[in-house]
Structure formats: C-alpha cells, structure tokens
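*Asks:* Attaching a single structure in structure tokens format; questions to follow.
Only the coordinates and a few stated rules stand behind these numbers; no lab work does. The model shown is predicted, which means the values in this text are computed figures rather than measured ones. Note that each Cβ is placed from the backbone with ideal geometry, even for glycine, and that neighbours are counted across all protein chains shown.
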Amino acid sequence: MDISMVGCGYVGLVTGACFAEMGNSVVCIDTDKTKVDMINRAKAPIHEQGLPRLLRRHVLMSKRLRATTDLREAVMATDMTFICVGTPENKDGSIDLKYIKQATQQIGEVLKDKTSFHTVIVKSTVVPSTTDLVVKPILETASGKTAGKDFGLANNPELLRESVAISDFMKPDRVVIGIYDELSGKLIEQLYEKLPAPKVIVNLREAEMTKYGNNFFSANKISSINQLANVCEQLGGADINNVARCLGMDARIGNNFLFAGVGWGGSCFEKDLRAITNQAKSLNIPVDLFEAVRAINIFQRNHVIDKIGDVKGKTIAVVGLAFKPNTDDMRHAPSITIIEAMLKKGAKVKACDPIAIKNAKKIFGDRISYSTDIETCIKNADISVILTEWDEYHIEPKVYKKLMRGKKVVDGRRILNPIQAKKVGLDYYGVGYGK
Ligand code: NAD
C-alpha cells in the first residue's frame, strides 16, 4: 500500500519504517526540515533499537521509505494518511489538540483536490470523541466531502513502548482498529494482515479509550507496587522484590510493570493520565483513582529525595538520566525532578547516561556535569543515586565503595544487591527494601 505518516517522531517514524519493512511504500512528513533531511540520509533523529538498520534498508536500499516537508505532495501520492503528531498537555492537564487540528486541516485541504478514495487514520493519542467530534468536522469542512462516503476515517491507537518500539510494533498483543466506515476497517486490517496478532475492530471512541485504558492500567500497576514497597520499607522484614516475584506469578496479576522504584516517567503516562482525568472531570465523573495513581508517582520521587537527605555542599552522582533504559528520551524523567531538587538544596551534581546526555543538556545545560561511564560519575561522590537501570550500570557494590568519597547509595531502581552493598560497607537504601 502507499502510506503517508504525518509527524516523524517516536511513533510516526518507527511505525512508518515498520510499514516499509512489511512491504509498503511510505512517505514520512514533518515540519522539521532537519529531521526530514536526516531521515533521507538514513540517519535516525531519535534513539530506538533497530531503527538505523530499518532506515538503511528502506531509505537507501529498497527505497520504500522517504521523508518530506511537503504534506500536499505526500498525501496526493498515497492512499492512507496516519496522523502521528504530538498531543501535549495544556497547563490545566487537558489535551492540547493544536498539532492534530493543524495537520487535519492540511490533510482536508488536499482531500478537496483528490479524486481517489483516501483514508485518514488518527494514530496519535487523543481523548475519546476527538476523532468524531474534532477530526471529522475539520476534514469535512476543509475538503467539502463526507466522511465514510468520499473518504475513510479511523483511529488506530499506537500501543508500542519506546526502547522496544520496533519489536512491540512487529509482535503486538493485538492491533486495535477503531472504524468510522467499514471500507477503512478492511483496508487497515489488510495493512496489518502480516502481523501475527488478532485485529480487533471497534468503534472510534472505543479505540481511543483503549489507549488511555492501557496507559492507566500500566501506570496503576507501577503505583500499586510502589505503594506496597513503601509499606514493606517502613514495616521492615520484607523486601518488595520478593513480594513482587510472588505476585507476578499469579496469572490474574502478571509480572509486567511490577518493579518498585522511583516511579514512571516518559512522554505518555503523565500527560495521558492528566488528559483522561480532565475529560472525566468535565463529565462529572469522580477521578479519585486516576488522581491517586499520579499522586503516588509524585510521592515516590519525593520519597527518594528525602532518602538522599542533606546534600548542601555535597557532590551527588546521578546514575542514569533517561526515563528508562535504551532510550534517549528525557520527557518527564524522574531525574529531572530529583536533580532540580538537589541543585536547589545546594548540591553539586555529576550525572551519567550512555545516550541521553544530548537531551539532558537541553534541560540542565552546564548546571551539572556529564559522563557516559558510571565510574567517572561516581568517583569522589559523597552520595550516589541510581535512577535508570541501564545494563552497563549494573556494577558491583564494591566499585561504589572503592570509587566514592562517601558511602551512601540510594538505589531508586533496585539494581544493587542490598546484602552485598551492606557487606562492603555502603550505607544502602533501596526502594521497598525493608530489611
Ligand atoms: P514527537 O513529539 O516525538 O513527534 C511528533 C512529530 O510531529 C514532531 O516531529 C513534529 O515536528 C511533527 N509535527 C507536528 N505537527 C506537524 C504537522 N502539521 N505536519 C507534520 N509534522 C508535524 O511525538 P511522539 O512521541 O511520536 O508521539 C506522537 C503521538 O503518539 C502522541 O499523541 C503520543 O501521545 C502518542 N504515542 C507516543 C508513544 C511514545 O512512546 N512516544 C507511544 C504511543 C503513542
């Protein structure tokens, strides 16, 4: 199929590259010319495992993937357009649809001049009712045409996780297709035919709600294990990791997202939880659980800050900046809240991360110092704080003891063995370690 993707971010570029891998011809559109030029040189503007290989294979070799800033040309040349632009939050937590509205308007203006059937699919995360109440009227007014008759409309939420986005996309648990018209449903089903997963056809609002439900349940699970972790810690005599192991074996619970720590970060959970909370409030629905899940996440960061203790004049080593391993994404990373608190209290901060330094510099500039290796970071530190569980940062507690000036280690990701840490003489704190 001939497909265009509006927005070359984590979602648009990864899914576009995967569609090319599945044999389709794909044009990625972005307003950011630097990104477009990079993609056309087969260079990935973001860090995502496997993406450089897909770009080389399909931009340079099969030539099934290209990028442009010219939306009109791309929509004209294709049969389906996926909207993958950002959906940030407004100050009050409600969803900001400005990029969705702009992209939809531009697509609608092209549809006006298109004679062949074209399907528009919203892939960005949008609050339920956005596709039928916002996207559809803009497309119809701009094109002078009718959805479901002259052009197709659908919502196909993206459920991939950054850092494993390509494998998530290629091996999904299911593909959710929210349809307005049956023909679009059939075309999208055909597009995903090769993926070894059920294709679930629902309506537009059900598809939109599935995405929010997915993020809410995942965030809820993290907050739930963190709440239990805090009880273990205070009670003593129980390690949350052992409890989580037992819980995870229960098929009703499952072991994903069952790791106690400093809480979630990333571009989606916080903004999507706020957006659905805001929508629920506008419908006069009690939002206690939504709010509790977020409140526990905020508590968790502050709890780690409390455990770090007095930092005035001290050197703090922050191990890991990205919100999770294998990504350079710093959006809503716990490291931001924790480093800002340390700096405010008068600490000197040294941080390490294998790939997120470029993005971290946009936030902290030269207020902190950076290294990619952990040894440089923890050397002569008074306190070390572990915030991202990168594989290469799984070092023995004795290395901390040897390199640090102080002996306090705050393990926000539970990557050190607490017994060994104590044995070598570290003053160890691990989230949920109540022994
Ligand atoms: P992003 O900010 O990385 O990328 C969005 C891109 O859209 C940017 O490159 C921007 O320049 C471009 N853009 C904006 N307006 C445009 C226009 N009119 N024409 C062309 N390009 C335009 O965003 P992202 O992380 O890829 O997220 C996109 C959507 O997918 C969001 O709704 C997000 O919530 C959702 N989502 C994200 C993830 C994730 O892990 N990042 C996962 C699932 C769903």
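*Asks:* I'd like the residue in the range 105-129 that is hydroxyl-bearing (Ser, Thr, Tyr) and touching a Lys or Arg at 6+ places or on another chain (Cβ under 9 Å) and, out of all such residues, is nearest to residue 16 (Cα to Cα).
*Replies:* 125
*Asks:* Looking at the range 140-173, which of its residues are within 15 Å of residue 49 (Cα to Cα), crowded, with 17+ Cβ neighbours inside 10 Å and touching a residue at least 24 places away in the same chain (Cβ under 8 Å)?
*Replies:* 160, 162, 163, 165, 166, 169
*Asks:* Here is a follow-up. Any idea which residue in the range 189-223 is farthest from residue 14 (Cα to Cα), counting only those that are among the polar types (S, T, N, Q) and under 18 Å from the mean Cα position of the chain (by Cα)?
*Replies:* That would be 223.
*Asks:* Ok, one more. Quick one: would you say residue 125 is in contact with a Pro (Cβ under 8 Å, 6 or more places away or on another chain), closer than 28 Å to residue 325 by Cα and crowded, with 19+ Cβ neighbours inside 10 Å?
*Replies:* Considered against the rule, which asks whether it is in contact with a Pro (Cβ under 8 Å, 6 or more places away or on another chain), closer than 28 Å to residue 325 by Cα and crowded, with 19+ Cβ neighbours inside 10 Å, residue 125 comes out as yes.
*Asks:* Could I ask something else about it? Tell me which residues, restricted to the range 37-90, are of a type in the set (Gly, Ala, Ser) and touching a residue at least 60 places away in the same chain (Cβ under 8 Å).
*Replies:* Those that are of a type in the set (Gly, Ala, Ser) and touching a residue at least 60 places away in the same chain (Cβ under 8 Å): 50, 74, 77, 86.
*Asks:* If a residue must be hydrophobic (A, V, I, L, M, F, W, C), near the ligand (Cβ under 10 Å from one of its atoms) and not in a loop (DSSP other than H, G, I, E, B), how many such residues does the range 91-130 contain?
*Replies:* 5
*Asks:* Right, residue 307: away from the ligand (no atom under 15 Å from the Cβ), in a helix (DSSP H, G or I) and within 22 Å of residue 207 (Cα to Cα) or not?
*Replies:* no
*Asks:* State whether the residues of the range 425-433 include one that is at positive phi, surrounded by 15 or more Cβ atoms within 10 Å (Cβ to Cβ) and assigned to a loop (DSSP other than H, G, I, E, B).
*Replies:* yes
*Asks:* Oh, and also: Can you list residue pairs whose Cβ atoms sit under 9 Å apart, with the first residue in the range 201-212 being under 18 Å from residue 173 (Cβ atoms) and among the aromatic types (Phe, Trp, Tyr) and the second being within 14 Å of the ligand (Cβ to nearest atom) and not in a helix (DSSP H, G or I)? Count only pairs 6 or more apart in sequence or on different chains.
*Replies:* 212/125; 212/127; 212/128; 212/157
*Asks:* OK, next. Taking the range 244-276, which residues are of a type in the set (Val, Ile, Thr) and in a loop (DSSP other than H, G, I, E, B)?
*Replies:* Matches in the range 244-276: 253, 262.
*Asks:* Step by step: first the residues of the range 195-212, then only those that are more than 14 Å from residue 185 (Cβ to Cβ) and of a type in the set (Lys, Arg), then the one that is surrounded by the fewest Cβ atoms within 10 Å (Cβ to Cβ). Which residue is that?
*Replies:* 205
*Asks:* If we scan the range 181-189, do we find a residue that is outside any helix (DSSP H, G or I) and touching a Gly at 6+ places or on another chain (Cβ under 7 Å)?
*Replies:* Checked against the condition, which is being outside any helix (DSSP H, G or I) and touching a Gly at 6+ places or on another chain (Cβ under 7 Å), the range 181-189 yields at least one hit.
*Asks:* Quick one: which helices (runs of 4 or more DSSP H) lie wholly within the range 1-69 and hold at least 3 residues that are more than 14 Å from the ligand (Cβ to nearest atom) and of a type outside the set (Ser, Thr, Tyr)?
*Replies:* Qualifying helices (runs of 4 or more DSSP H): 10-21, 51-55.
*Asks:* Condition check: of a type in the set (D, E, K, R) and more than 16 Å from the ligand (Cβ to nearest atom). Does residue 362 satisfy that?
*Replies:* No: the conditions fail for residue 362.
*Asks:* Looking at the range 190-226, which of the residues that are within 16 Å of the ligand (Cβ to nearest atom) and of a type in the set (D, E, K, R) is farthest from residue 167 (Cα to Cα)?
*Replies:* Within the range 190-226, the match that is farthest from residue 167 (Cα to Cα) is 208.
*Asks:* Only residues that are assigned to a strand (DSSP E or B) and within 15 Å of the ligand (Cβ to nearest atom): list them for the range 146-180, please.
*Replies:* Hits for the range 146-180 are 155, 175, 176, 178.
*Asks:* So is residue 414 touching a residue at least 40 places away in the same chain (Cβ under 8 Å) and at positive phi or not?
*Replies:* It is true that residue 414 is touching a residue at least 40 places away in the same chain (Cβ under 8 Å) and at positive phi.
*Asks:* Something else: Could you grab me the full set of residues in the range 361-386 that are closer than 23 Å to residue 303 by Cβ and of a type in the set (S, T, N, Q)?
*Replies:* 384
*Asks:* Could you check, for the range 174-188, whether at least one of its residues is without any contact (Cβ under 8 Å) to a residue 60 or more places away in the chain, surrounded by 17 or more Cβ atoms within 10 Å (Cβ to Cβ), farther than 27 Å from residue 149 by Cβ and within 19 Å of the chain's Cα centre (by Cα)?
*Replies:* Taking every residue of the range 174-188 in turn, none turns out to be without any contact (Cβ under 8 Å) to a residue 60 or more places away in the chain, surrounded by 17 or more Cβ atoms within 10 Å (Cβ to Cβ), farther than 27 Å from residue 149 by Cβ and within 19 Å of the chain's Cα centre (by Cα).
*Asks:* Between a first residue in the range 5-34 that is without any contact (Cβ under 8 Å) to a residue 12 or more places away in the chain and a second residue that is surrounded by fewer than 24 Cβ atoms within 10 Å (Cβ to Cβ), which pairs have beta carbons less than 8 Å apart while being 6 or more apart in sequence or on different chains?
*Replies:* Here the result reads 34/45, each pair linking the range 5-34 to a residue that is surrounded by fewer than 24 Cβ atoms within 10 Å (Cβ to Cβ).
*Asks:* I'd like to check something: does the range 72-85 contain any residue that is buried (at least 19 other Cβ atoms within 10 Å of the Cβ), more than 22 Å from the chain's Cα centre (by Cα) and hydroxyl-bearing (Ser, Thr, Tyr)?
*Replies:* Yes, the range 72-85 contains at least one residue that is buried (at least 19 other Cβ atoms within 10 Å of the Cβ), more than 22 Å from the chain's Cα centre (by Cα) and hydroxyl-bearing (Ser, Thr, Tyr).
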